[in-house]
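A short write-up of the structure that comes next.
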Amino acid sequence: MTEWSFEAQMQAVEALSDACARWMRSAHVEEMSIEVQAVGARAGVRSRALRSSGLMRRGGWEDNIVPREVVEPAVKVRIAMARPGGGAWTRGVFTMNKQDYQLISDFDYDHEPVLNPPYTPEDVAQELELFPRDPKATPDWMKQSR
């Protein structure tokens, strides 16, 4: 695990925010969300984007159209936010809308991720090796998977 720093965390969040805003403007997206669930080196990502309606198209939510160059910075935020003894979040949700292009985020450090295929005890061991947690900061599902 690299040493935690506020600057690295802010740089990672800023890189994600910039990538989201750039893509939204170029793709004419009204609102977007990215959900990352992760354990160890594995991550599952779901995204949604709301396109505006126009003369020739119907607006609506579209699933998993956010490109890789926007999604990858979201996964990097997890690494930047990991803290010794506290681990890394296992679920993060990032949203942005075109009214202000401000990134809104929500993190859960105890969420049991739903991955396909499901996570394994090896994934949990890798999680705890990469992002060590104190016993009090280790959720039951991680303890049971050891």
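Tabulated results
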{"read-out": "Pick from the range 58-77, criterion part of a helix (DSSP H, G or I) and not aliphatic (A, V, I, L, M), ranking: farthest from CYS20 (Cα to Cα)", "value": "LYS76"}
{"read-out": "Unmet requirement for GLU69, which otherwise passes all of (1) out of contact with any strand residue (DSSP E or B) (no Cβ under 9 Å at 6 or more places or on another chain); (2) exposed (fewer than 12 other Cβ atoms within 10 Å of the Cβ); (3) modelled with pLDDT under 95; (4) not hydroxyl-bearing (Ser, Thr, Tyr)", "value": "(3)"}
{"read-out": "Residue satisfying all of: in the range 125-140; touching a helix residue (DSSP H, G or I) at 6+ places or on another chain (Cβ under 8 Å) and closer than 18 Å to GLY92 by Cβ; surrounded by the most Cβ atoms within 10 Å (Cβ to Cβ) among these", "value": "GLU127"}
{"read-out": "Test for ALA80: is it in contact with a Phe, Trp or Tyr (Cβ under 9 Å, 6 or more places away or on another chain) and not in a helix (DSSP H, G or I)", "value": "no"}
{"read-out": "Count - residues of the range 100-122 that are under 19 Å from ALA74 (Cβ atoms) and either aromatic (Phe, Trp, Tyr) or assigned to a helix (DSSP H, G or I) (or both)", "value": "4"}
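The values are calculated or read from the model by the stated rules, or taken from the named source; none is laboratory data. Since the model is a prediction, treat every value here as computed from it, not as a measurement. Backbone-built Cβ (ideal geometry, glycine too); neighbour counts: all protein chains shown.
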